[in-house]
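Okay, so here's the structure we're looking at.
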Amino acid sequence: MTTTVSGQTSGVTGDLLRRAGAGRVPWILAWLSFVPLVVFRAGIMSEADTFWQIRIGLVTMANHVIPATDTFSWTMYGKPYFQNSWGFDVLLAVGYRLGGLPGAAAICAVITLGIAALALLLARQLGASAPVSAASLFLAAAPLAGWLSARPQLVDYVAVLLLVLLLRRIEQGRARWGAVALVGVLTVVWVNLHAAALLAVAMTGVAAVLLAVARRGTSWRYAAAATVVAAAGCLANPYGIDVLHQAGQVQSDSAGLIVEWVPVDLADPVQIVALAAGLAALVIAWRRREAVLCAGLAIGVAGAVVANRMLPFAVILATPVLAAFASDPPDSIRRYLTSRKVMFRRCGALALLALVALAAPSLAHIGRPEPATFPVALVAEIPHGCRLVNSYQIGGYVILTRPDVLVSLDSRNNLYGRAVLLAEERVLNGNGNLSAGLAGAGCVLVPPRYGLARRLRHDPQWQLRAADQVAVLYVRR
């Protein structure tokens, strides 16, 4: 008798384990379907910030102190400089030390896979099915692909998803004080990886207000406590309260000059679709009484109206909400989808195969600088110790690969300031008195289409040293 009961118990346990395993497999497959996009993005380093961030990380590791002044440019040399992503810079530098640019790209690829995993986890909690979630994530790849480059914003996307998962525990009345404490831990880690952690204060604050308005018991009080904890966590950084000033400075120095700091472009179909997805998800979340998701989506959508760099937050939070909605459609839509199930499966498989084919070549050049942007060969030709006048995009790559060369400009907007950026732009366009604009410089490295490159072609004070399709290198005679 004992043997029979034991055998039955063992059989039931084995059946439960098999079911649990079978339940996880579709979600693992959904996550793996995102891998080709991650590989594709890791194949090319297209972000100018990545290179100088690696160099700052290397300097921080070598000196055991965060750099306080600029030492990479001759135009701003010695000027105090706020490192708003010092922790992420060190993380990149660790990858670079271990494996060069491919190592840094691999670090960012792992973070990107974390974004996909957390988005799928949120979708599952909202009641979405694995196939629909995979399809939603696949469709979200179009508006997200350009934003998933090697930059500290990857940390922001992970942190926002983690914050939403924690705040939903508060909203649902589960381990509330534990969730509040974890919000504090998350914010401390986040702010030292990237100063954008101030978003945590905004999200928790809006969530607290919405929970109070919706009269969701005492949840709003815990959300309010999480807001206080998040604000305190943001101060746990090497600069303290100055992190607030730095955030405003970056915005004022970049607005109107840098593409990601301009409002949503209503002529761009990808941005319009992304914004529409965020708005649709906001309506669905409101009807489902998901106050936390409403808070995150409202901030993402409203922020995108001011600066399109907020669009990815709206898309990342919208994807699980839309997946949950699509997993339980009205009967008429359900019947249509069921009747076209084979077609959708085949189209999905073909789309995935196309993405795999597109991503596969990237495996041969993980971490390669974008060939159309960064003149790798010409940077190596710059004379040792030369003071360089260069374009905005090229500066970061020179900082990493030629630390003996001081640049005139790079993408650290809050270092140079708006006035300097505009003055440098006039010189690069070849406008005004070039003798004054190039005073102190010994080399010039700019794309051949720039007005400066055309003017120097006929200037007897400058000699063309090298050129390719990406840039031209001039040296003062």
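The values are calculated or read from the model by the stated rules, or taken from the named source; none is laboratory data. Predicted model only: the values in this text are computed from it and were never measured. Don't worry about glycine lacking a Cβ; one is built from the backbone with ideal geometry, like all the others, and counts go over all protein chains shown.
Of the numbered criteria (1) without any contact (Cβ under 8 Å) to a residue 60 or more places away in the chain; (2) surrounded by 21 or more Cβ atoms within 10 Å (Cβ to Cβ), the one residue 42 fails is (1).
When we screen 454, 465 for residues that are assigned to a strand (DSSP E or B) and either surrounded by 12 or more Cβ atoms within 10 Å (Cβ to Cβ) or among the acidic types (Asp, Glu) (or both), the only hit is 465. Does residue 62 count as hydrophobic (A, V, I, L, M, F, W, C), modelled with pLDDT under 90 and either over 18 Å from the mean Cα position of the chain (by Cα) or not in a helix (DSSP H, G or I) (or both)? Judged against the criteria, residue 62 is not a match.
Quick grid of which residues meet (1) closer than 22 Å to residue 71 by Cα; (2) in the same structural domain as residue 96 (by TED's automatic domain parsing); (3) in a helix (DSSP H, G or I); (4) free of Cβ contacts under 8 Å to residues at least 40 places away in the same chain:
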position: 380; (1), (2), (3), (4): yes, no, yes, yes
position: 389; (1), (2), (3), (4): yes, no, no, no
position: 395; (1), (2), (3), (4): yes, no, yes, no
position: 422; (1), (2), (3), (4): yes, no, yes, no
position: 431; (1), (2), (3), (4): no, no, no, yes
position: 439; (1), (2), (3), (4): yes, no, no, yes
position: 460; (1), (2), (3), (4): no, no, no, yes
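With respect to residue 414, is the statement that it is surrounded by fewer than 22 Cβ atoms within 10 Å (Cβ to Cβ), over 17 Å from residue 52 (Cα atoms) and polar (S, T, N, Q) true? Taking the combined requirement at face value, the residue does not satisfy it.
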